[in-house]
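**Q** The structure follows.
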Amino acid sequence: MWARRGIHYFHKLNAANVPSSLIENGQKRVIDASLTLIRERAKLKGELVRALGGAVASTSLLGVPLGHNSSFLQGPAFAPPRIREAIWCGSTNSTTEEGKELNDPRVLTDVGDVPVQEIRDCGVDDDRLMNIIGDSVKLVMEEDPLRPLVLGGDHSISFPVVRAVSEKLGGPVDILHLDAHPDIYHAFEGNTYSHASSFARIMEGGYARRLLQVGIRSITSEGREQGKRFGVEQYEMRTFSRDRHLLENLKLGEGVKGVYISLDIDCLDPAFAPGVSHIEPGGLSFRDVLNILHNLQADVVAADVVEFNPQRDTVDGMTAMVAAKLVRELTAKISK
């Protein structure tokens, strides 16, 4: 909310005849400083991984604490630090189910957060903010063998992240999208960057060849029409028992630059993850999701975990631990 006030404040300054060059130069300094921090942290982590040797691909966390494009609650902006805290919680160990050791920097590093609220407080609009997010992702990818695992934030962040991944790799990717909603409205409530419109932007831009949406159980006629328009493979929960074998034995990414996984926490039934903004009963079990991830045959080049809302995580941090476990298992899928 304070960042939104910041944008309005800078609009008032423009109206009050404050030189636009003064504001623009200040914004540029803030943006440059933000990108410099991401660049230098990524460079350091990349140098470390390369010095240790033996890693073909290494997961690197990048936080994007953005919540203002949510149509309901903005709590996902507070998720990245809560997920990190849960990843390293002393109640569990640092080994994934498939045996990857998270304490090994060749498996997992962290380059910090894009300072979304500080940037918006300087009056930067969403067009430029999306570019900043994308530039941050590219900075991580420049430090081979680092691959970004992005912590949201609401689902609007998937558009600039996927766009950046596709542009950096030089072609489209296949996307596995787990969610209760298809997030493919043309412009939900008039907002082209809405968290409910991110995959419309991705498909319009040609950044994905195939888009598979799994766990869908809240979809309107527009969602189905948009799905048909873009050739999306939508797997709804009402037919999950029929589709289970297919979804637990996916092979993606042949003929494209790799596979991107976008995991909205509300793909899970709220019995497993109540700390989300949009509670939709009848979802996937936690083991359903892990079976899909573990059995996926793919070169996973990047991923995101989005829409965890700490403000609704009232059951002893249960959803934070769920999100952290998903980050752990995605890390094991990316790193090799």
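The values are calculated or read from the model by the stated rules, or taken from the named source; none is laboratory data. In this text, all values refer to a predicted model and were calculated from it rather than measured experimentally. Glycine gets a Cβ as well: all are built from the backbone with ideal geometry, and neighbour counts include every protein chain shown. Side chains are part of the model used for accessible areas, which takes the heavy atoms of the whole protein and leaves out ligands, DNA and RNA. Shrake-Rupley method; radii C 1.70, N 1.55, O 1.52, S 1.80 Å.
**Q** List, please: which pairs have Cβ atoms under 8 Å, are six or more places apart or on different chains, and start with a residue in region 59-76 that is under 23 Å from V111 (Cβ atoms) and part of a loop (DSSP other than H, G, I, E, B) and end with one that is open to solvent by less than 10 Å² (accessible area, probe 1.4 Å) and polar (S, T, N, Q)?
**A** Qualifying pairs under 8 Å: L66/S156; N69/S156; N69/S194.
**Q** Quick one: which of Q226, Q213 is touching a residue at least 12 places away in the same chain (Cβ under 8 Å) and touching a Pro at 6+ places or on another chain (Cβ under 6 Å)? Let's see the steps before the verdict.
**A** On the way: Q226 fails: touching a Pro at 6+ places or on another chain (Cβ under 6 Å).
Selected residue: Q213, the only one of Q226, Q213 that is touching a residue at least 12 places away in the same chain (Cβ under 8 Å) and touching a Pro at 6+ places or on another chain (Cβ under 6 Å).
**Q** Looking only at region 77-110, which residues are charged (D, E, K, R) and assigned to a loop (DSSP other than H, G, I, E, B)?
**A** Kept after step one, since they are charged (D, E, K, R), are these residues of region 77-110: 82, 84-85, 97-98, 100-101, 104, 106, 110.
Hits for region 77-110 are E97, E98, K100, D104, R106.
**Q** State which residue is nearest to S198 (Cα to Cα) when the search covers only region 213-232 and only residues that are within 20 Å of the chain's Cα centre (by Cα) and outside any loop (DSSP other than H, G, I, E, B).
**A** Q213
**Q** Show the residue pairs meeting these rules: Cβ distance below 9 Å; 6+ apart or different chains; first residue within region 318-336 and farther than 18 Å from N103 by Cβ; second residue aromatic (F, W, Y) and in a loop (DSSP other than H, G, I, E, B).
**A** Close Cβ pairs satisfying both conditions: M318/F272; T319/F272; V322/F272.
**Q** Given the criteria over 15 Å from the mean Cα position of the chain (by Cα) and of a type in the set (S, T, N, Q), does S262 qualify?
**A** On the way: over 15 Å from the mean Cα position of the chain (by Cα): no; of a type in the set (S, T, N, Q): yes.
Answer is no for this residue.
Per-residue answers, yes or no, for (1) closer than 19 Å to G46 by Cα; (2) touching a residue at least 12 places away in the same chain (Cβ under 8 Å); (3) in contact with a helix residue (DSSP H, G or I) (Cβ under 7 Å, 6 or more places away or on another chain):
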residue	(1), (2), (3)
R106	yes, yes, yes
P115	no, yes, yes
R120	no, yes, yes
V124	no, yes, yes
I132	no, yes, yes
S136	yes, yes, yes
P148	yes, yes, yes
G152	no, yes, yes
E167	no, yes, no
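**Q** I need every pair where a residue in region 42-57 that is touching a residue at least 60 places away in the same chain (Cβ under 8 Å) has its Cβ under 8 Å from the Cβ of a residue that is of a type in the set (S, T, N, Q), sequence separation at least 6 or different chains.
**A** That search, which allows pairs on different chains as well, returns A42/S60; K45/S60; K45/T109; L48/T109; V49/S58; V49/T109; A55/S335; A57/S335.
**Q** Shifting gears a bit: For region 270-307, what are the residues that are assigned to a loop (DSSP other than H, G, I, E, B), touching a Phe, Trp or Tyr at 6+ places or on another chain (Cβ under 9 Å) and open to solvent by less than 40 Å² (accessible area, probe 1.4 Å)? Explain how you work it out, then say what you get.
**A** In the first step, residues of region 270-307 are kept if they are assigned to a loop (DSSP other than H, G, I, E, B); the result is 270-275, 277-283, 285, 296, 298-299, 307.
Keeping just the survivors that are touching a Phe, Trp or Tyr at 6+ places or on another chain (Cβ under 9 Å) gives 272-273, 275, 277-278, 283, 285.
Within region 270-307, A273, G275, S277, G283, S285 qualify.
**Q** Here's another thing I want to ask about it. Do we have any residue at all in region 213-223 that's closer than 19 Å to H294 by Cβ and open to solvent by less than 10 Å² (accessible area, probe 1.4 Å)? Quick ask: steps written out before the conclusion?
**A** Residues of region 213-223 closer than 19 Å to H294 by Cβ: 214-215.
Among the residues that remain, those that are also open to solvent by less than 10 Å² (accessible area, probe 1.4 Å) are: 214-215.
Yes, region 213-223 contains at least one residue that is closer than 19 Å to H294 by Cβ and open to solvent by less than 10 Å² (accessible area, probe 1.4 Å).
**Q** A follow-up question, please. Just give me the residues in region 225-237 being among the charged types (D, E, K, R) and under 15 Å from D179 (Cβ atoms), in sequence order. First the steps, then the outcome.
**A** The initial filter retains those residues of region 225-237 that are among the charged types (D, E, K, R), namely 225, 228-229, 233, 236.
Listed by number, the residues that qualify are E233, E236.
Table: residues versus (1) in contact with a Ser or Thr (Cβ under 6 Å, 6 or more places away or on another chain); (2) modelled with pLDDT under 95; (3) surrounded by fewer than 21 Cβ atoms within 10 Å (Cβ to Cβ).
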site: D126; (1), (2), (3): no, no, yes
site: L129; (1), (2), (3): no, no, no
site: I133; (1), (2), (3): no, no, no
site: L139; (1), (2), (3): no, no, no
site: E143; (1), (2), (3): no, no, no
site: L149; (1), (2), (3): yes, no, no
site: I157; (1), (2), (3): no, no, no
site: V162; (1), (2), (3): no, no, no
site: S166; (1), (2), (3): no, no, no
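**Q** Within region 47-94, which residues are open to solvent by 70 Å² or more (accessible area, probe 1.4 Å) and over 20 Å from A303 (Cα atoms)? Working first, answer last.
**A** In the first step, residues of region 47-94 are kept if they are open to solvent by 70 Å² or more (accessible area, probe 1.4 Å); the result is 47-48, 50-52, 54, 56, 72, 78, 81-82, 85, 88, 90-91, 93.
Listed by number, the residues that qualify are E47, L48, R50, A51, L52, G54, F72, G90, S91, N93.
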